[in-house]
Amino acid sequence: METGGAPAPIRAAEALRKKLAKIGLHSEADLLLHLPLRYEDETCLTSVERALNGEAVQLELTVRHSEVQFRPRRQLVVRAADASGEITLRFFSFYPSQQAMLAEGARIRVFGEVRGGFFGLEMVHPRLRKIAEGEPLPAALTPVYPTTAGVGNGTLQKLIGAALAEAESANTLADTLPDELRQRLKLAGFARSLRFLHMPPPDADRDALQARQHPAWRRIKFDEVLAQQLSLRRAYLARRDQGAPVLRARDDLGARLLDSLPFGLTGAQTRALAEIGGDLAQPYPMQRLLQGDVGAGKTIVAALAACQAISAGWQAAFMAPTEILAEQHYLKLCDWLQPLGVRVAWLAGSLKSKAKREQLAAAAGEAQLVVGTHALIQDSVDFARLGLAIVDEQHRFGVAQRLALRKKGGNPHQLMMSATPIPRTLAMSYYADLDVTVLDELPPGRTPIKTRLVADNRRADVVGFVRKHVEEGRQAYWVCPLIEESEALQLQTAEETYAQLAAELPGLRVGLVHGRLKAGDKQAVMVAFAAGGIDVLVATTVIEVGVDVPNASLMVIEHAERFGLSQLHQLRGRVGRGRYESSCVLIYAGPLGEVARQRLKIIFEHSDGFEIARRDLQLRGPGEFVGARQSGVPLLRYADLEQDAELVELARTVAEEMLNAHPTLAAAHLRRWLGAREELLKS
Ligand code: ADP
Ligand code: MG
């Protein structure tokens, strides 16, 4: 598998090869890295008499009778026995070959869970093998492979065994880690580890093997993670070979924007801007992620980066995931930049066709900054000379959408922003191809947000609290209960909540905003709220991301137990943005499930987004966390980001070292682990 050229196809009949392809097994090399899911102990036999209900056992039997029954549904029913008693084997799906194997008089070994059925002992779908009289028992644990319909474990075992023998004799299992490195990291050899996992010797440490903690597993998991790191790192380096416009400010636009602000930048903002500014002046495309907790002030950093692009004679695009947010950015950016003479265009799905034509013409022509939603990446959009693409709340976009924006303007620099802090192991594993800047400081003068948990039987008190708050001149958000199953119900709930609060708060101006409002109406409500024309804004989670109204300093969330942690954190982050003391009231309805209780406890005790995200990861596991991002990254089959965090750390440094000092081995490693799949990643 080290030799270049096309990988050797699996030596099997065409029909079998097709089935194997379904589980991603195309070549002999794929077979080698197809490792057992678990192991079963088939080294000893039990007798029918001694088999216990619910226990997984192995029996050696002679078939007495075999027939296909049709009631209650089609099934193959086999009566078989050993010297101590009889048992029924049931198969609800079976192949003619299996039926033939189970003819009367056949000698078989079956492995499975015994159940005490109505008609005596039975096994449903045991694994089975025909044997010859007196055939010895296996001496070692039996690997159980991930398999597919029509391919038995035994078949896979044979194919893999043959592939392994072949590879060993052809000497293609050479280690891709230099000896010195392997010893330093105390990692087992590759070939040995592979053989060990496919064919564990009789004296193998069974617990370590099952728990995937054995040194052989450690080596394989390390290799897998290393391949991921190498591939991401290589993508990162490959980007440096592509050209991008060198964006050096040619006037004082940025300085004038800074002068016009009522505040100065925080140290963190200044540092971030310096990093971004440095990247933009390079002749290869920046791909930087700006992370900062909600309210950290990412928008102004982006605006100043845009100034650099504009002042260099290029365009900047600013894309946000929702129309409310995009609109808000648009208004703010106009506010900041139009007085300085910058031409800003606006693109969103809701634009009427005439306005749209005008804005498209602007993008293709004299506009210097184009703000919008996904509309920015549609085919009809042509940028005259896009130099910088900014993507806000990037985790809300899929990989494809971000790539599309990049392709829009040849090869613009990319600035991605996210308030969803990614725990370190995840970031290392899924964002290794990005540079990351963290805004680790909030603007000054923020008072911490007080979080309160209130049971729903005290809702009336909360309404009183809202009134008092408004009477002090502040504004409030009231987030409706989340109803994920049905959009119609969600809408109804929002309208009911609105009507109820309007009735409960006479004299106060209550507004409503939800996802189904027409874009224009949504905008009108948001503008009114921002201008202080609405006291209490009843809202669905459409306000979750980015919305910024400093005078709003109370956030009430009904049925808080239904929301996810990052949602709660984002929602809470809508307040605490001005100089007023802010609070967040989480109304919950009991009885609480364990996870919901944990979530509320975490959000109550913590305000730091990274800490919340870290705990969220523990609560949920990494799968859900990464979302769309996953589609572009080699998935891990064997390593586990949480459990094997230490390996990820290690692989990250080793990847760097390998690419520098051992490029040939690094390439061999990638070929071994990613093979053809690597092509996908380059797209
Ligand atoms: P986020 O990082 O969540 O996108 P925003 O960019 O919306 O945060 O900023 C939150 C609020 O803080 C805005 O009203 C913004 O104008 C304000 N802000 C940003 N930077 C500073 C600063 N250095 N000093 C004071 N206020 C700031
Ligand atoms: Mg923001």
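The values are calculated or read from the model by the stated rules, or taken from the named source; none is laboratory data. Note that the structure is predicted; figures quoted are calculated from it, not measured. Positions of Cβ are generated from backbone atoms using ideal geometry, with glycine treated the same way; all protein chains shown enter the neighbour counts. For accessibility, only protein heavy atoms count, side chains too; no ligands or nucleic acids. Shrake-Rupley method; radii C 1.70, N 1.55, O 1.52, S 1.80 Å.
With N as its number of residues, the range 328-398 has a Cα radius of gyration that, divided by 2.2 N^0.38 Å, comes to 1.08. The Cα atoms of the range 449-606 define a convex hull whose projected area, averaged across directions, is 8.7 nm².
Share of carbon and sulfur in the accessible area of the range 449-606 stands at 51%, probe radius 1.4 Å. Rounded to two decimals, the Cα-based Rg/Rh of the range 298-361, with Kirkwood Rh, is 0.96.
By accessible area, using a 1.4 Å probe on protein heavy atoms only, the range 44-137 has 52% of its surface on carbon and sulfur.
Angle of helix 519-530 to the longest C-alpha principal axis of the chain, folded into 0 to 90 degrees and rounded to 10: 60°.
Considered as an equivalent ellipsoid built on the Cα gyration tensor, the range 366-491 has semi-axes of 38, 20, 18 Å, the largest given first. Each residue of the range 291-306 was assigned a 3J(HN,Hα) from its phi angle through the Karplus expression (A = 6.51, B = -1.76, C = 1.60, θ = phi - 60°), giving 9, x, 4, 4, x, 6, x, 6, 4, 5, 4, 4, 4, 5, 5, 4 Hz with x at Gly and Pro. Each other residue within a Cβ distance under 11 Å of Ala21 adds +1 if Lys or Arg and -1 if Asp or Glu, for a net charge of +2. For the range 190-309, the fraction of C-alpha pairs more than 17 angstrom apart is 69%. Bridge orientation summary for the chain: considering DSSP beta bridges with both residues in this region, about 40 percent are antiparallel. Compared with the alpha-carbon gap, the fully stretched path from Asn53 to Ala13 is longer by 10.4 nm at 0.36 nm per residue. Each semi-axis of the equivalent ellipsoid for the range 44-137 is √(5λ) with λ an eigenvalue of the Cα gyration tensor; in descending order they amount to 19, 17, 11 Å.
Here the spin labels are modelled as points 7 Å beyond Cα on the Cα-Cβ line, and at Glu496 and Ser169 they lie 7.4 nm apart.
DSSP finds beta bridges in the range 44-137, and of those with both partners inside it, around 90 percent are antiparallel. Divided by 2.2 N^0.38 Å, where N counts the residues, the Cα radius of gyration of the range 558-615 comes to 1.13.
Shape analysis of the chain yields a ratio of the Cα radius of gyration to the Kirkwood radius, Rg/Rh, of 1.06. Per residue, the chain exposes 45 Å² of accessible surface when a 1.4 Å probe is rolled over the protein heavy atoms with every protein chain present. Per-residue SASA remark: Met555, around 0 Å² accessible (1.4 Å probe; ligands, DNA and RNA not included).
Once the Cα atoms are used to define both axes, helix 215-239 deviates from the longest principal axis of the chain by about 40 degrees.
Taking each residue as 0.36 nm, the span from Arg452 to Asp179 lengthens on full extension beyond its C-alpha to C-alpha distance by 92.5 nm. Taking 0.36 nm per residue of separation and subtracting the current Cα-Cα distance, fully stretching the chain between Val436 and Ser353 would add 26.0 nm. Overall shape of the range 253-439 was characterised from the C-alpha gyration tensor. The equivalent ellipsoid obtained from it has semi-axes of 24, 20, 16 Å, in decreasing order.
Take the Cβ atoms of Leu508 and Asp335, set R0 to 22 Å, and the FRET efficiency comes out at 0.20. Charging the Cβ of each Asp and Glu at -1 and of each Lys and Arg at +1, and nothing else, the dipole of the range 44-137 about its Cα centre rounds to 400 debye. The helix-based estimate of mean residue ellipticity at 222 nm for the chain, built from -39,500 (n - 2.57) per DSSP H run of four or more residues and divided by its residue count, is -12500 deg cm²/dmol to the nearest 500. Neighbours of Arg192 by Cβ distance under 12 Å: Lys/Arg scored +1, Asp/Glu scored -1, total +1.
Ranking Tyr638, Tyr580, Tyr477 from most to least accessible surface, computed with a 1.4 Å probe over the protein chains only, gives Tyr580, Tyr638, Tyr477.
Heavy-atom surface analysis with a 1.4 Å probe gives the range 222-342 a carbon and sulfur content of 51 percent of its accessible area.
The mean sequence distance of close C-alpha pairs (under 8 Å, at least 6 residues apart), as a share of the length of the chain, puts its relative contact order at 12 percent. Would you mind checking the tilt of helix 594-605 against the longest principal axis of the Cα atoms of the chain, expressed as 0 to 90 degrees and rounded to 10? Compared with the principal axis, the helix lies near 40 degrees.
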